[in-house]
Amino acid sequence: MEELRWVLLLAAVLVLVAVFVWSRYRTKLFKAIPASLRKSSAPSARIEPDLEPAGGAVASSAPRLVLPDKIVTIRLLCRDNRGFAGDELVLALRDNGLRHGRFGIFHHYNGDGVETDAGVEPVFSVASLTEPGSFDLTRLRNDSFPGVSLFMGLPGPMDGVAAFDAMVATARSIAAQLEGDLVDEQGSTLSIQRERYLREEVIQFQHRQGRG
């Protein structure tokens, strides 16, 4: 099962209505995005002002999408076919420092970072594996979820290795609280060996980017 193929159809609608103009994702990004979010936009993308003048006119203030070069994903799956109870899942996410925000999904921010209209890039985010990937907080008592995807974009707002370690630690804490199973983007158990391999990929990425 391919992870994080598109991020939230709802996101695309909200972005178009608000201010963000989204472009088509590169093939590399497609391969990292989960099937549960196929018709959507990337919340981990950074938005920056587009300062390039158009036709000699004054520079446009429209935001420009800066796509992540790499997305790292792990999944938390429920052992029960009934899925995680919505209220219990959201409580576990909040207990572990995640906040419901943009695109209707949960985000973890660096330090005291607070999401504003201008946007603050999350360290990592959590989306439902159920289409369209968002969480409707008004229906938690009636909803259940087979699992969630935790994903982070690189480069991000903090050191990539530290961000990866924080995401995995949070995932393991939530998994213990909900008695769920952690798997990688291919559905294989997230063993210590697999975790080390993914961590090494982050390190190598940072070396290639001159950040290591």
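For the stretch 150-212, trypsin sites (Lys or Arg not before Pro) meeting the loop criterion (DSSP other than H, G, I, E, B) and having at most 14 other Cβ atoms within 10 Å: 211.
The gain in end-to-end length when the residue 193 to residue 158 segment is fully stretched comes to 10.2 nm, 0.36 nm per residue minus the alpha carbon separation. Fewest-first ordering of 188, 149 by other beta carbons within 10 Å of each residue's beta carbon gives 188, 149.
Since every read-out is calculated from the coordinates, none of them should be taken as a lab result. Everything numeric here is computed off the predicted structure, so don't read it as measured data. Cβ sites come from the backbone with ideal geometry, for glycine too, and all protein chains shown count toward neighbours.
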